[in-house]
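Have a look at the structure below before the remarks.
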Amino acid sequence: MPELPEVETVRRGLEPAMEGARFTRVETRRGDLRFAFQPDFVARLEGKTVTGLGRRAKYLLADLSSGDVLLMHLGMSGSFRVEMADGHGATPGAFHHPRGAARTHDHVVFHMSSGATVHFNDPRRFGSMKVVARDEIETEPMLRALGPEPLGNAFDAATLASACAGKKTSLKAALLDQRVVAGLGNIYVCEALYRAHLSPKRSAATLATRAGGPTDRAEHLVDAIRAVLGEAIAAGGSSLRDHRQTSGELGYFQHNFRVYDRKGEPCRTKGCKGTVKRFTQNGRSTFWCPSCQK
């Protein structure tokens, strides 16, 4: 599933086509994606202008001139394709296998006043779209339990330590908990823990002192999370299975992985003679260096 950097890459790719443009026509070519479309879904979009295009965790949020918000999630295999009036096309986001050309999976189509046609293609139909009133967004079930944005001002060592204090779960499990920090997934948690030299098996509670304040480990981890996400966004995301940019190009951060999917390779930490290992943790593959991640 696309993680925060991939979703942010998609947002940036959609921005020129959608922000400031009006929905002139909206097509829903089936009655549902992961969930059924609202009966008034099309009516609440057509004729409205996108005043801003944002992101919350792994969700895209299009603010509308009506005061509503179009909430969108890519799911496992969802992608957007932008086609311009001059015939040029693009697909914001980026993964390894080419996005299928089967238009039968174009389940939602936005015709924009900018001249762009935005197609949402989703073979597995795990994506979702929903229109929510802006003043109800904080209580929206899909968003209300989300923790702070890892690249936002509200996320710091003190916040992370407070969320992890007293937890009996592993550090990796805590970071994957969207209530602790929003938008992180398996790839970037592995990479951040490696950079911070922290074991994914370590107790999450060790990020906090007895008084609940942040330890040095929390400080290093927050810095590592911010760094790896920033680099991944700059690289256009990680191209693994499904993710593809709206430009159709693949992301390149997978070439910068220091630990993820590098089982059996020498550790890249300077001076470390360890070897990258893989084990299954909470049903997910974890990659780490037992020698320098403690």
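All of the numbers you see were taken from the coordinates with simple rules; none came from a lab. This structure is a prediction, so every number in the text was calculated from the model and none was measured. Every residue, glycine among them, receives a Cβ derived from its backbone with ideal geometry; neighbour counts consider all protein chains shown.
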### Query
Which of 119, 111 comes first, and how do the rest follow, when ranked by fewest Cβ neighbours within 10 Å?
111, 119
### Task
Estimate the FRET efficiency between residue 103 and residue 209 by the formula 1/(1 + (r/R0)^6), using the beta-carbon distance for r and 41 Å for R0, to the nearest 0.05.
0.15
### Message
Let's test this: bin the Cα-Cα distances of the chain at 10 Å from zero up to the farthest pair and state each bin's percent.
### Response
7, 27, 32, 21, 11, 2, 0
### Message
Given contacts defined as C-alpha pairs under 8 Å and at least six residues apart, what's the relative contact order of the chain, whole-number percent?
### Response
21
### Task
Under 4.7 Å Cβ to Cβ, no partner at all: give me those cysteines from the chain, in residue order.
164, 190
### Message
Quick one: 3J(HN,Hα) in Hz for the stretch 104-116, Karplus 6.51/-1.76/1.60 with θ = phi - 60°, rounded, Gly and Pro as x.
### Response
5, 9, 7, 8, 9, 10, 9, 9, 9, 5, 6, x, 8
### Query
In which sequence would 15, 191, 8 go, from the one with the fewest C-beta neighbours within 10 Å to the one with the most?
15, 8, 191
## Note on the structure
residue 15 and residue 234 label points (each 7 Å along its Cα→Cβ direction) are spaced in nm at 1.7
### Task
Eight or more residues apart or on different chains, and alpha-carbon atoms under 19 Å: count the Lys pairs in the chain matching that.
20
### Task
Please give the FRET efficiency for residue 139 paired with residue 30, using the beta carbon to beta carbon distance and R0 = 35 Å, rounded to the nearest 0.05.
0.80
#### Entry: FRET efficiency, 1/(1 + (r/R0)^6) with R0 41 Å, evaluated for residue 263 and residue 88 via beta carbons
0.50
### Query
In a Debye calculation with equal point scatterers on the alpha-carbon sites of the stretch 4-139 and no solvent, what is log10 I(q)/I(0) at q = 0.16, 0.21 Å⁻¹?
-0.77, -1.46
### Message
Quick check on the chain: helices-only [θ] at 222 nm, where DSSP H runs of length 4 and up contribute -39,500 (n - 2.57) each and the sum goes over total residues. Nearest 500, please.
### Response
-6000 deg cm²/dmol
### Query
Can you give the relative contact order of the stretch 1-74 as a percent, counting alpha carbon pairs under 8 Å and 6+ residues apart?
31
